[in-house]
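Asker: The structure under discussion is supplied below as structure tokens; questions concerning it will follow.
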Amino acid sequence: MGIDLLRCDDRLIHGQCIVRVISDGNIDHIILVDDFTATSPVMANIYKMSVPPTVTIDLLTCEAANEKIEEYANKDAKTLVLVKDPCVALALQEKTDCLPKELNIGPMSNRNDTKKFTFYAYLLENEVQACDALTEKGIRVYFRQVPDEKEIEWVDVR
């Protein structure tokens, strides 16, 4: 068990994530890493209330996440580490060896100055650079919205 999935999804927890990623993946615990959400009591409460009652959640800043990731790496709980963008995933990968050596990129909204990589994933230049840096570190980067969907490799769309 331990850390089962490192996932990037700019909406963090939403219907598709709850039904397909968390439920289908039998996730027991979520470590949500986002500075804004972790420091906003209103947002933190929204996300805490949005997870199924059988799932526990920690909301942490990037700086504070490492300790919790290392704690859950050795626990008997299927754990999802959830981030908003690949830059945070890169920062976490640089801090610990406890994460899976892969990043699943789910939905990333079309924003100003983004480039389209899949029909559901648009990345800013700094996010592209983070994916490149992850790949250079030997970390597999791939796109997949839901568990039964075909994976699209970063190296194939880059």
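Asker: How many residues, within region 121-132, are within 13 Å of Leu103 (Cβ to Cβ), in a helix (DSSP H, G or I), in contact with an Asp or Glu (Cβ under 9 Å, 6 or more places away or on another chain) and not charged (D, E, K, R)?
Answerer: Residues flagged as within 13 Å of Leu103 (Cβ to Cβ), in a helix (DSSP H, G or I), in contact with an Asp or Glu (Cβ under 9 Å, 6 or more places away or on another chain) and not charged (D, E, K, R) within region 121-132 amount to 1.
Asker: With the requirement that a residue be crowded, with 17+ Cβ neighbours inside 10 Å and more than 20 Å from Asn26 (Cβ to Cβ), what does region 69-90 give you?
Answerer: Val83, Lys84, Asp85, Pro86, Cys87, Val88, Ala89, Leu90
Asker: Quick one: which helices (runs of 4 or more DSSP H) lie wholly within region 1-108 and hold at least 2 residues that are more than 16 Å from Gln145 (Cα to Cα) and among the small types (Gly, Ala, Ser)?
Answerer: Fully inside region 1-108 and qualifying: 41-50, 62-73, 86-95.
Asker: From the list Lys101, Lys115, which one is at pLDDT 95 or above, surrounded by fewer than 16 Cβ atoms within 10 Å (Cβ to Cβ) and in contact with a Gly (Cβ under 7 Å, 6 or more places away or on another chain)?
Answerer: On the way: Lys115 fails: in contact with a Gly (Cβ under 7 Å, 6 or more places away or on another chain).
Among Lys101, Lys115, only Lys101 is at pLDDT 95 or above, surrounded by fewer than 16 Cβ atoms within 10 Å (Cβ to Cβ) and in contact with a Gly (Cβ under 7 Å, 6 or more places away or on another chain).
The values are calculated or read from the model by the stated rules, or taken from the named source; none is laboratory data. Just so it is clear, the model here is predicted, and its values are computed rather than measured. Methodologically, a virtual Cβ is constructed for each residue, glycine included, from the backbone with ideal geometry; neighbour enumeration extends over all protein chains shown.
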